[in-house]
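Just below is one structure, and these are the notes that go with it.
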Amino acid sequence: MITISDTAAERLKDVLVQQGKPEDGLRVKVIGGGCSGLQYRLDLDAPKPGDKVFERDGAKVIIDRKSFLYVTGSQLIYKDGLMDTGFQLDNPNVKRTCGCGASFSV
């Protein structure tokens, strides 16, 4: 299960409308790389067969099956600050992150 915060749902819907893709969602993919071994790739995309789709108030998060193993139980949040702006996953499975927070391990 993936949950989506109120702020993330509203911002995601706004971004999708601005991009002319209101029926799509935010694809979360876990890929190899970074100092700690894994990192997230976030893209706007349409669901594909086999994807897991989680929705809140019309905002969709799309995750392939392999990536879901790393992010189950996470919450999509949106931060809007001077140093830290954008969509992020609050992932309870993360055991270690690199110094800049761009990569993680489970």
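The values are calculated or read from the model by the stated rules, or taken from the named source; none is laboratory data. The structure displayed is predicted, hence computed values, not measured ones. In this analysis, Cβ positions are derived from the backbone assuming ideal geometry, glycine residues included, and neighbour counts consider all displayed protein chains.
Annotations for the structure displayed:
- Checked against (1) under 13 Å from residue 2 (Cβ atoms); (2) surrounded by 14 or more Cβ atoms within 10 Å (Cβ to Cβ); (3) at pLDDT below 95, residue 104 passes all but condition (1).
- When the test is whether a residue is closer than 18 Å to residue 3 by Cβ, buried (at least 17 other Cβ atoms within 10 Å of the Cβ) and either of a type in the set (Gly, Ala, Ser) or without any contact (Cβ under 8 Å) to a residue 60 or more places away in the chain (or both), residue 28 does not pass it.
- Here residue 46 qualifies as more than 18 Å from residue 1 (Cβ to Cβ) and not aromatic (Phe, Trp, Tyr).
- One residue stands out among those in the range 45-79 that are touching a Lys or Arg at 6+ places or on another chain (Cβ under 6 Å) and closer than 24 Å to residue 105 by Cα: the one that is surrounded by the fewest Cβ atoms within 10 Å (Cβ to Cβ), which is 53.
Every residue, every condition in (1) at pLDDT 90 or above; (2) of a type outside the set (Asp, Glu), yes or no:
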{"position": "35", "(1), (2)": "no, yes"}
{"position": "44", "(1), (2)": "yes, yes"}
{"position": "54", "(1), (2)": "yes, yes"}
{"position": "59", "(1), (2)": "yes, yes"}
{"position": "64", "(1), (2)": "yes, no"}
{"position": "98", "(1), (2)": "no, yes"}
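- The set of residues in the range 1-21 that are among the aliphatic types (A, V, I, L, M) and assigned to a loop (DSSP other than H, G, I, E, B) comprises 1, 2.
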